[in-house]
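Only one structure is covered here, and it is reproduced in the block below.
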Amino acid sequence: MKDWLMNFIRELFTTRDNCALCGRHTLELGKHGLCMACEESLPRLDDDSMAAFHYEDAAAKLIRDFKYGEKLWIADILAGYMADRVRELDGKADVIVPVPLHSSRLRQRGFNQALKLAEGLGRELSIPVVDGLVRLRKTKTQTKLNHLEREANVRGAFKVKDEISFDGMTVMLVDDVVTTGSTLKACGEEILKAGADEVIWVTAARTSEEKKEKE
Ligand SMILES: [Zn+2]
């Protein structure tokens, strides 16, 4: 068959799509909806922490587009990569719980990014999602604080909702970005107090600041 005819037929039966990161129109999207070039440019983590990416370059752009650009569909793309990471590290849990936003921040943003990621991850891994934590007080942004200040900043800031028990469960705690882990730690402690056996965490990305502090 003539090449042009083959191409024409291929075009008829192929769905073109736009890459969610660079917007390029392409025939060949990766399994989570990015073009191959973007997929390869993502700064993946290869240690044993359950974060999909380093918080830099293409991964940071993807998370910012999702969180501040209100491109909510990106949650499922990120959740896809997070699920890959969980499977790679053989993570198991009975329930997925997102890190909560304070109600005033939730009103301002209109959605909790961690809940959106948790829902995507729950669908990928077939694990139920329970939005079971509340943020009791508005905490200062952690960006400019050091490790100890961060821990103090979030201490006592979270609680498990009254009607919820995590008795005997392994809980997968989900957030978008982890830096020192103080927020996840504060949430994890409350989940353990509510009866959980174990808490593991999964995030879309990890900042390199944490790496610096570990060294
Ligand atoms: Zn792309």
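The values are calculated or read from the model by the stated rules, or taken from the named source; none is laboratory data. Here the structure is a predicted model, which means the values were calculated and not measured. Ideal geometry is used to build each Cβ from the backbone, glycine not excepted, and the neighbour counts take in all protein chains shown.
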Inset, instruction - Of all residues in region 15-45, count the ones that are surrounded by fewer than 11 Cβ atoms within 10 Å (Cβ to Cβ) and either acidic (Asp, Glu) or part of a loop (DSSP other than H, G, I, E, B) (or both). - result: 4
Legend entry - In region 166-193, the residues that are at pLDDT 95 or above and at positive phi: Gly168
Inset, instruction - Can you work out which of the residues in region 20-46 that are at pLDDT 85 or above and of a type in the set (D, E, K, R) is nearest to the ligand (Cβ to nearest atom)? - result: Arg24
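Matching residues to (1) under 19 Å from Ala93 (Cβ atoms); (2) of a type in the set (Gly, Ala, Ser); (3) without any contact (Cβ under 8 Å) to a residue 24 or more places away in the chain:
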residue: Ala118; (1), (2), (3): yes, yes, no
residue: Arg137; (1), (2), (3): no, no, no
residue: Thr141; (1), (2), (3): no, no, yes
residue: Lys159; (1), (2), (3): no, no, no
residue: Asp176; (1), (2), (3): yes, no, no
residue: Gly195; (1), (2), (3): yes, yes, no
residue: Trp201; (1), (2), (3): yes, no, no
residue: Thr207; (1), (2), (3): no, no, no
Legend entry - Filter result for Arg150 (farther than 19 Å from Leu78 by Cα and either touching a Pro at 6+ places or on another chain (Cβ under 6 Å) or not in a loop (DSSP other than H, G, I, E, B) (or both)): yes
Inset, instruction - Return the total of residues in region 194-215 being modelled with pLDDT of 95 or more and out of contact with any strand residue (DSSP E or B) (no Cβ under 7 Å at 6 or more places or on another chain). - result: 1
Inset, instruction - From Gly195, Gly168, grab the single residue that is surrounded by fewer than 20 Cβ atoms within 10 Å (Cβ to Cβ) and in contact with a Phe, Trp or Tyr (Cβ under 7 Å, 6 or more places away or on another chain). - result: Gly195
Inset, instruction - Please indicate, with yes or no, whether at least one residue in region 121-144 is assigned to a strand (DSSP E or B) and under 27 Å from His25 (Cβ atoms). - result: no
Legend entry - Single residue of Asp17, Asp65 found to be within 16 Å of the ligand (Cβ to nearest atom), of a type in the set (D, E, K, R) and under 16 Å from the mean Cα position of the chain (by Cα): Asp65
Legend entry - Condition check for Asp175: of a type in the set (Asp, Glu) and closer than 15 Å to Val202 by Cα: yes
Legend entry - Number of the exception - Asp176 against (1) over 23 Å from Ile74 (Cα atoms); (2) touching a Lys or Arg at 6+ places or on another chain (Cβ under 7 Å); (3) charged (D, E, K, R): (1)
